[in-house]
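No lab work stands behind these numbers, since they all come straight from the coordinates. Please read all numbers here as calculations on a predicted model, not as lab measurements. For neighbour counting, all protein chains shown are included, and Cβ atoms are generated from backbone atoms with ideal geometry for every residue, glycine included.
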Protein chains: 2
Amino acid sequence: MKFLPLLALAALGLTAAARADDGYDLWLRYHPLEKPLAARYAPAATEVVSAAHSATADVTRAELVKGLSGLLAKKVAVGESVHQAGAVLFGTPENSATIKNLNLPLGQLGPEGYLIRSAVVGGKKLTVIAGNSDVGVLYGAYRFLKLIQTHEAIDKLDIASAPKVKLRLLNHWDNLDATIERGYAGSSIFKWWELPEHVSPRMVDYARANASIGINGTVLINVNASSLVLTQEYLQKAAALADTFRPYGIKVYLVARFSAPIEIGGLKTADPLDPQVREWWKHKADEIYHYIPDFGGFLIKANSEGQPGPGDYGRTHAEGANMFAEALAPHGGVVMWRAFVYSHEVPDDRIKQAYNEFKPLDGKFLPNVILQVKNGPLDFQPREPFSALFGATPATNTGLEVQITKEYLGFNTHLVYLGTMWQELLGSDTFAKGPGSTVAKVIDGSMFGYKQTMMAGVSNIGSDRNWSGSIFDQANWYAFGRLAWDPEAKADVIASDWVKQTFTSNPAFLKPVTALMMGSRETAVDYMTPLGLAHQMGTSGHYGPGPWVDSAGRADWNPVYYNRADKSGIGFERGPSGSNAVAQYFPPLSTIWAKPETTPENLLLWFHHVPWNYAMKSGRPLWDELVGRYDQGVANVDAMAAEWLNLKPYVDDERFALTADYLTIQKRDARLWRDASIAYFQSVSGLPLPAGVKKPPHSLGFYEQLEWPYAPGQGAPGRKIKPPPVEVAQ
Amino acid sequence: MKFLPLLALAALGLTAAARADDGYDLWLRYHPLEKPLAARYAPAATEVVSAAHSATADVTRAELVKGLSGLLAKKVAVGESVHQAGAVLFGTPENSATIKNLNLPLGQLGPEGYLIRSAVVGGKKLTVIAGNSDVGVLYGAYRFLKLIQTHEAIDKLDIASAPKVKLRLLNHWDNLDATIERGYAGSSIFKWWELPEHVSPRMVDYARANASIGINGTVLINVNASSLVLTQEYLQKAAALADTFRPYGIKVYLVARFSAPIEIGGLKTADPLDPQVREWWKHKADEIYHYIPDFGGFLIKANSEGQPGPGDYGRTHAEGANMFAEALAPHGGVVMWRAFVYSHEVPDDRIKQAYNEFKPLDGKFLPNVILQVKNGPLDFQPREPFSALFGATPATNTGLEVQITKEYLGFNTHLVYLGTMWQELLGSDTFAKGPGSTVAKVIDGSMFGYKQTMMAGVSNIGSDRNWSGSIFDQANWYAFGRLAWDPEAKADVIASDWVKQTFTSNPAFLKPVTALMMGSRETAVDYMTPLGLAHQMGTSGHYGPGPWVDSAGRADWNPVYYNRADKSGIGFERGPSGSNAVAQYFPPLSTIWAKPETTPENLLLWFHHVPWNYAMKSGRPLWDELVGRYDQGVANVDAMAAEWLNLKPYVDDERFALTADYLTIQKRDARLWRDASIAYFQSVSGLPLPAGVKKPPHSLGFYEQLEWPYAPGQGAPGRKIKPPPVEVAQ
């Protein structure tokens, strides 16, 4: 007689454990620690104490109880005052006399910071989590739980932390029909159809996850959204979400479509200098704040990719943005104005356009306007230099937009950790005020004393059970939150924390997985767009390779526009002999990047058109180096996949299999990128493959025919708009 | 000091219980029985015994262990031979000597039936689950578990059951881009993008749920699907699903687009009499069976709503269908040919068309063709008479298509149990061979000795955690399976079983909820389309009311086409003085339905145009009766919602809240239907409202302006097709 203990256990209600491994719990797993560890922590977490009873204090209490009870596998008591040693006391000086009497140095923490300190009160050792607001305390509670999740000591704590960036936002590109533009994790988690009557319990878990990493705002819909979201019906729906998110310190923002006064207001114009239009927006703002008293503000994409904007009326971006700013200012709202614009006419070099449009407007925006600038001057490529706008607008609040969803980085099926990419960006020196003028210091406001600071990430969240479409894409959501809180945080520390919270602290797993994550972005760059190439993706869906594509609607949508490969060489000349985009940067970058010899090789083809036999630092000619990088990318993905297979003993079956299967897809795709790219560039260069290099298995014609007609993420934002009904006399 | 025991328990890993209440487990919950019950069953389920080790036997064993261990909250042993009293022995005479020696009456069970019998073997009392095939045994295992779930006695069992219908299929209207036409439960559960490399674990739970109710086939994609699904790439993806479903007795079917030989075959025609076309389909069938050896066959929508078909080449439906049948026959596959056709020209009465087209073709189809007929002659309305084709095609295998997803019945947000609707249909007497010639007897083949029998349900399954978009919509999936197994099963028994398996057997909950379900369809008919009205939904999404709509692309898409309301009266005259559709039915129906006086009032306006003052059986004039029905519908929904609130103590919070919130939406919508319909029909009839009836709160103009631009379920099936790449000489 044999037993099937695992199956039987599963049937006994412990399927919980198996099912939890679908990744739904993200980094907030709170699974029981091993017994010796739990025994070590238990005396320092005997009870959760607070006399506060605001909505935020209530969720803080619930999270501490849930987390501690889970991690320590015991019931944790709850009370209003300290009854025993090992209490975890949370609160503000306003709602806790004990905390007030401790005279903690809360002055420097601002409204959202926290302090965690070991203290002795009335002879009892306890841990105090304090802040100037309930939300600051909530952030502290998540930090305290993380200390235990990551096996840090908690007996002599003295931690103070405050966010360096004021607005830390997710930008959802979710449409009202629940499709998501560039979404690879299912459909939208926001179920507009059933709001406001039903708010899914998932909305609470969404808020918990965001609060746990310091995200304090969410733009619910696509920058290309319909005006319908500003109608009364949809405002009531948005209000139901705002009510749910509020206890977690998360504000709701909406997208304002520039033409809304025409589409839903019945006006004949949307001219920002028209008094009726300005009045309409003021009333609209009043209406929004009626439903959502702490509404965050508007995100606006204007005069970009076909969206309407002030340019339609001969007005500047500043005139457009300021109209919204005036409407929101009385309520404390902000306007985030996207700098991702490029005109109807194709300029000599598209990447220069945002700078050319916005630099002259510096100082012309109202104080509650934030210019929202993408990390690079093009469009979320695997590698770009930082946007020249960073540092160039000292008199305009300038915020950063990064893309968490991997539109150009293999969707959810490629394992690419973006922490390193963002660290590279934030650590880049703009030299705006001499050495040390990093993008991080622009963004956090310290460089120019911005009134508003902001970092936004285009969400990778969807209805998939694991939220992000893959387990490792959860790390990018996590890393975004951590870097928005502290733009100088380190990608390897963040990766390591995430692995510990999400999987295990066992070094046999932690070390190789952290290493795998840290190398993954460079690997993707190698097999997709090495040496400074960019935008080489096929136009249908941005998934597979398409370096040959020259037929897209406008010149600067074509990969050939960016690679400029011809018989003489490859790359886009942006030095003084070319578009001179380098001149948009501060010296010495404008000089260093002006010449191929001084340009870093990982940006070489971004800034320069160089001959195929250009001598690289390795001693190899460019052609050999390029081919070598593709091969290196493929080899690295193979190594990642092999490494993951070794780690099976440390992972539950479901997350193991998902990741292993996706790495199989990534291996296939890396080869395809390598083969197709080499086939095309060889057809242009006419050069033989370097010795020992494998010939692509198919002809160029084969690769050119590939399509991905059902690639995800192509949700369409638009629908015909008809004004909502108005009552007609009976 | 107070405790929060619930929260603490939740944190202690028992969040399982809370989370399970998201409805994911459907009717396969296996939560522990109350102790006295468990004690009663435990002696009769001590071990699970079988020497069989096929893939199907393995999943049978796993399900019994999971189910029994869960229900009885104990480890259930597993073995190859009986070791103790109370064993549950499963198998076939081929793989179990014990079962063979019992000489069970398996002869009448066919390949999928099962027998469950209490027996004594070697002095030990045991339960035998036997069948002629492993899949039959699997069905028996689910039945055995249901006995315990529903608290039936299991000590003296002698149950034999075999399906009356051979092919019991789900039709998914899922598109390759993961949208679902008429889907209200999220996006598709089939993730084509990541197949075949990754098969989601959810696919196993999908197969389990279907097998548990006897469903044995699934059409993976939309009847309006792209030909791309027939390319090698997609066949490999479909094969990965087929491999996953196979152990559960579920075959995969695909949609064949008639024009595929042109679109992906490079031919110039799709003429079914063209030898090249016939050859192409034969090769395609061979290719499919190479990847999926037990492929079920094709579902085809031809010459309907713009789809290509044999009519494009002057050929008949039979000539079209037989071409596919010949290609599939050598492999044992079937063709399901949809009878839902209506021509480009608008006929005098659209509902007559399917009969007119297919009746003359009776006997002209090959034996492996099944004509797939929708329940009614129109299109899945809240109430229609049965289609006149049932009984009219004795020489053509005729199968039934019902719609599980509630396209015309309030989507997922209205609680409407469809078991009663299908029972009404299946119990309808066609009189084809005199009294007793029910639709059920046509469908199960007993009336005409069909070679193939089939019942298909358009799936309501999506990526939502609860699968069907609401908890109560799970009951419709369940009821479909039960009725496909036995078309004479009773809707109230099915509802009661479902409630017991899904919620509880507690009569305080079971009785009111079963009653609520049993009345729910009639309630929806009352507030949407009472007295035989049909197709009164607004054209944008089929959600809200639109009895005034007269502007749709063709006359017979318009509600006014169907209600024919004018100053003189309301209803579509289909008696001899009208379209004479009644003549398509056998006598005496053709006579009974020919006159208003003998037509049942619930079909009155379907068959007759009658004056507003027509005297109803109640004594009220038609106008008063019509208004009264709308009011009754609203009152019934209010009562349903109130009843549900009373039941809070018996339901977990999550399923309670979801259902309560949706009933709130249904209350709102029922009023809207009532108000808008009364406002419109009053504008036509010019009559005052009956005494005491509430005036609609808005003018007709208000209702006419309502739109639902983002109503779900409008996924678009089509994408531009480009043939897949072929190798070009290097």
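Taking the Cα centre of chain B as origin, sum charge times position over the Cβ atoms of Lys and Arg (+1) and Asp and Glu (-1), and report the length of that vector in debye to the nearest 20.
It works out to roughly 1300 debye.
Could you pull out every one of the aspartates and glutamates with an alpha carbon less than 19 Å from that of residue A:490, ignoring same-chain neighbours closer than 8 positions?
Output for residue A:490: A:152, A:401, A:424, A:429, A:444, A:473, A:522.
If packing is taken as the average count of other Cβ atoms within 10 Å, what order do B:217-225, B:546-554 fall into, highest mean first?
So the order, starting with the most tightly packed, is B:217-225, B:546-554.
What order do you get for A:187, B:133 when you list them from fewest to most C-beta neighbours inside 10 Å?
By the 10 Å Cβ count, ascending, the order reads B:133, A:187.
For the pair residue A:568 and residue B:124, what calculated FRET efficiency results from E = 1/(1 + (r/R0)^6), where r is the Cβ-Cβ distance and R0 = 56 Å, to the nearest 0.05?
The pair residue B:124/residue A:568 has a calculated efficiency of 0.05.
Let me check against my output: what whole-number percent is the relative contact order of chain B, with C-alpha pairs under 8 Å and at least 6 apart?
Once normalised by length, the contact order is 13 percent.
At 0.36 nm per residue, and after removing the present C-alpha to C-alpha distance, how many nm does the segment from residue A:232 to residue A:147 gain when stretched out fully?
Taking 0.36 nm per residue and subtracting the Cα distance, the gain is 26.2 nm.
So between residue A:635 and residue A:103, what do we pick up on full extension, going 0.36 nm a residue minus the alpha carbon distance?
Full extension from residue A:635 to residue A:103 adds 185.8 nm.
May I ask you to evaluate 6.51 cos²θ - 1.76 cosθ + 1.60, the Karplus curve with θ = phi - 60°, for each residue of the range A:534-549 and list the ³J(HN,Hα) values in order in whole Hz, giving x for glycine and proline?
Once rounded to whole Hz, the list reads 8, 6, 9, 6, x, 6, 7, x, 6, 9, x, x, x, x, 8, 5.
Could you tell me what fraction of 2.2 N^0.38 Å the Cα radius of gyration of the protein assembly as shown comes to, as a two-decimal ratio?
Normalised Rg, Cα atoms only: 0.96.
Would you mind computing, in nm to one decimal, how far apart the modelled labels at residue B:668 and residue A:55 are, each placed 7 Å from Cα along Cα→Cβ?
1.9 nm
Checking a compactness column here: for the range B:26-161, what do you get for Rg(Cα) / (2.2 N^0.38 Å), N being the number of residues?
Normalised by 2.2 N^0.38 Å, the Cα Rg of the range B:26-161 equals 0.95.
I need the phi-derived Karplus couplings for the range B:369-375: 6.51 cos²θ - 1.76 cosθ + 1.60, θ = phi - 60°, integer Hz, Gly and Pro marked x.
After applying 6.51 cos²θ - 1.76 cosθ + 1.60, I find 9, 10, 7, 9, 10, 5, 3 Hz.
Can you list the equivalent-ellipsoid semi-axes of the range B:235-384, largest first and in whole Å, using the square root of 5 times each Cα gyration tensor eigenvalue?
The three semi-axes for the range B:235-384 are 27, 20, 13 Å.
So for the pair residue A:31, residue A:362, with labels modelled 7 Å out along Cα→Cβ, what separation do we get in nm?
Inter-label distance under the simple model: 5.1 nm.
Return one quarter of the surface area of the convex hull spanned by the alpha-carbon atoms of the range A:309-392, equal to its mean projected area, in nm².
Projected area, direction-averaged: 6.2 nm².
Ranking B:467, A:644, A:422 by Cβ neighbours within 10 Å, fewest first, what do you get?
A:644, B:467, A:422
Per residue and in cubic angstrom, what volume does the convex hull of the Cα atoms of the range B:94-218 have?
Here the figure is 151 Å³ per residue.
For residue A:650 and residue A:155 in the same chain, what is the full-extension length gain: residue separation times 0.36 nm, less their Cα-Cα distance, in nm?
175.3 nm
Please grab the % of Cα pairs in chain A that end up more than 39 Å from each other.
The share of Cα pairs beyond 39 Å in chain A comes to 38 percent.
Give me, ordered by chain and number, the residues 5 or more places off residue B:73 or on other chains with an amide H under 5 Å from its own placed amide H.
Those qualifying (amide H under 5 Å, at least 5 residues apart or on another chain) are B:33.
If the viscosity is 1.567 mPa s and the temperature 4 °C, what Stokes-Einstein diffusion coefficient in µm²/s follows for the range A:167-498 when Rh is the Kirkwood radius over Cα pairs?
It comes out at roughly 65 µm²/s.
Take every DSSP beta bridge with both residues inside the protein assembly as shown and express the antiparallel ones as a percent of the total, to the nearest 5.
Close to 35 percent.
With θ set to phi - 60° and the Karplus curve 6.51 cos²θ - 1.76 cosθ + 1.60, what are the ³J(HN,Hα) couplings of the range B:125-141 in order, to the nearest whole Hz, using x for Gly and Pro?
6, 8, 10, 10, 10, 10, x, 8, 9, 4, 5, x, 5, 4, 4, x, 5
Using amide H atoms built in the peptide plane, which far-off residues or other-chain residues are under 5 Å from residue A:461 H to H?
The answer is none.
Treating the Cα atoms of the range A:569-703 as identical point scatterers in vacuum, please give the log10 of the normalised Debye intensity I(q)/I(0) at q = 0.19 Å⁻¹, two decimals.
-1.03
FRET efficiency for residue B:490 and residue A:40, Cβ-Cβ distance as r, R0 = 51 Å, nearest 0.05?
0.25
Using the Cα centre as the reference, give the magnitude of the dipole from point charges on the C-beta atoms of the range A:406-489 (Lys, Arg: +1; Asp, Glu: -1; all else neutral), rounded to the nearest 20 debye.
160 debye
Could you work out the Kirkwood radius for the range B:435-575, taking every pair of different alpha carbons, averaging 1/r and inverting it, reported in Å?
About 18.4 Å, per the Kirkwood formula over Cα pairs.
Relative contact order of the range A:26-161: what whole-number percent is it, with Cα pairs under 8 angstrom and at least 6 residues apart?
The value is 26 percent.
Highest mean first, what order results for A:684-692, A:156-164, B:535-543 on Cβ atoms within 10 Å?
Ranking, from highest mean packing down: B:535-543, A:156-164, A:684-692.
Note the distances from residue B:518 to each other copy's matching label point, with points 7 Å along the Cα-to-beta-carbon direction, in nm, sorted shortest first.
Computed spacing set for this position: 6.9 nm.
Cut-off is 10 Å between beta-carbons; in what order do A:104, B:299 appear when sorted fewest neighbours first?
In increasing order of surrounding Cβ atoms, one gets A:104, B:299.
Taking beta carbons within 10 Å but only from partner chains, what does the mean come to for residues A:618-626?
Other-chain Cβ atoms within 10 Å of each residue's Cβ, averaged: 0.
Please list, in chain and number order, the residues 5+ apart from residue A:370 or on another chain whose amide H is under 5 Å from its amide H, with Hs placed from the backbone.
The list, which skips near neighbours in sequence, is A:335, A:336, A:337.
What aspartates and glutamates sit close enough to residue B:74 to cross-link, taking a C-alpha to C-alpha distance under 14 Å and skipping anything fewer than 8 places away on the same chain?
Cα-Cα hits under 14 Å: B:34, B:47.
Could you check how many percent of all C-alpha pairs in the range B:473-553 are farther apart than 22 Å?
Of all Cα-Cα pairs in the range B:473-553, 45 percent lie more than 22 Å apart.
Within 10 Å of each Cβ in B:698-705, how many Cβ atoms from other chains are there, averaged over the peptide?
So the per-residue partner count for this stretch is 4.
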